[in-house]
Amino acid sequence: MSTTNEEAGALPYAEVIGDPIAQSKSPVIHGFWIEKLGLSARYDHCHVRLEDLEDYLARRRTDPLWRGCNVTMPHKLAVMPLLDRLEPIAEAIGAVNTIVREDDGTLTGTNTDAPGFLEPLRATLDKTHLFRMARVLGTGGAARAIVAALAREHFTIVLAGRNPTKARAMLDELDPEGEHHAIALDHFADPTDFAFDDRQGCFDLIVNASPLGMTGQPPLAFDFSHAPPASVVYDIVTSPLETDFLKAAQEAGFATVDGLSMLIGQADVAFERFFGAKPPREDDEELRARILA
């Protein structure tokens, strides 16, 4: 449970909630930035069970020191009807991972997973492309945020899932006007002799948005003959940080992005909302080392 205001010297604070919560890296990330900036603030974790969620929010909204919270499993959907307002990105994704307390005590729900996912790609996305295509593997909650984010960046999306019908329904819900494709996940497991056309001026992205390859999970079966030349390969898994999927991509000569990039990126957006300050991103390498310690 989080520290009481009296024990902490009545500092403004934010926190992360979930069930379980001890595994969250958010206190490490936000605490690092608070320390580096010398802010008089704190960031805690708070174990909140589903049946206690409504009471938790009722108590926190009356606390003027509480700036808000990050929301992890299993509360990203359950908090939505308990809030006063949802920002468009949260409505589009259908999940809230950040709650901000406004000055009048009202609670606003948003989703920082989408901008957090895009952050390490921003330099490339700011360029003009003739065509953008993303192959997204997985149809869970993380995939929803990623698909919504990529659709806004004008990608044609191939969404692969164990159940292609679920993948098709997700695409139709999140971007009904888009010309996207749903496919079975195992399609990518076997080699292909498909001859890719000229990719000059294109941006190709391959994303593992599933838990496959995570510690304790089955491996992700992906044959890189399905990857167009010069693709960027992105794995949101953080344990292990260097997954077999990323290792294989690097060995095949592709640029890669690891899961800490998204984790830090989404925290950046939330931190500024909570504390009104930009995180010191020049210290990212030190932060990564602290997260992995």
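Taken together, the residues in the range 232-257 that are part of a loop (DSSP other than H, G, I, E, B) and farther than 16 Å from Ala134 by Cα amount to 9.
A quick yes/no check of all residues on (1) surrounded by 15 or more Cβ atoms within 10 Å (Cβ to Cβ); (2) touching a strand residue (DSSP E or B) at 6+ places or on another chain (Cβ under 6 Å); (3) touching a residue at least 60 places away in the same chain (Cβ under 8 Å):
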position	(1), (2), (3)
Gly178	yes, no, no
Asp204	yes, yes, yes
Ser210	yes, yes, yes
Pro218	no, no, no
Asp268	yes, no, yes
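Please give the number of the condition Ile206 fails out of (1) over 14 Å from Leu137 (Cβ atoms); (2) not in a helix (DSSP H, G or I). In the conditions (1) over 14 Å from Leu137 (Cβ atoms); (2) not in a helix (DSSP H, G or I), Ile206 misses (1) alone.
Among the residues of the range 250-258, is there at least one that is in contact (Cβ under 8 Å) with a residue 60 or more places away in the chain and among the small types (Gly, Ala, Ser)? Quick ask: steps written out before the conclusion?
If we filter the range 250-258 for residues that are in contact (Cβ under 8 Å) with a residue 60 or more places away in the chain, which is where we start, we get 257.
Still in the running and among the small types (Gly, Ala, Ser): none.
Within the range 250-258, none of the residues are in contact (Cβ under 8 Å) with a residue 60 or more places away in the chain and among the small types (Gly, Ala, Ser).
With the structure loaded, tell me whether Asp55 is surrounded by fewer than 17 Cβ atoms within 10 Å (Cβ to Cβ), assigned to a helix (DSSP H, G or I), among the acidic types (Asp, Glu) and at pLDDT 95 or above or whether it fails that test. Against the criterion (surrounded by fewer than 17 Cβ atoms within 10 Å (Cβ to Cβ), assigned to a helix (DSSP H, G or I), among the acidic types (Asp, Glu) and at pLDDT 95 or above), Asp55 qualifies.
Check Pro229, Pro191 and return the single one that is closer than 18 Å to Thr124 by Cβ, outside any helix (DSSP H, G or I) and out of contact with any His (no Cβ under 6 Å at 6 or more places or on another chain). Steps first, please.
Values: Pro191 fails: closer than 18 Å to Thr124 by Cβ.
Answer to the selection: Pro229.
Count of the range 180-191 residues, restricted to those that are surrounded by 12 or more Cβ atoms within 10 Å (Cβ to Cβ) and either farther than 17 Å from Thr256 by Cβ or of a type in the set (S, T, N, Q) (or both), is 8. The set of residues in the range 131-169 being among the hydrophobic types (A, V, I, L, M, F, W, C), surrounded by fewer than 23 Cβ atoms within 10 Å (Cβ to Cβ) and not in a helix (DSSP H, G or I) consists of Phe131, Met133, Val158.
Look at (1) touching a Phe, Trp or Tyr at 6+ places or on another chain (Cβ under 7 Å); (2) under 15 Å from Phe203 (Cβ atoms) and you find that Ala145 fails only one, number (2).
The values are calculated or read from the model by the stated rules, or taken from the named source; none is laboratory data. These numbers come from a predicted model, not from an experiment. Because the Cβ atoms are built from the backbone with ideal geometry, glycine has one as well, and the counts that use them run over all protein chains shown.
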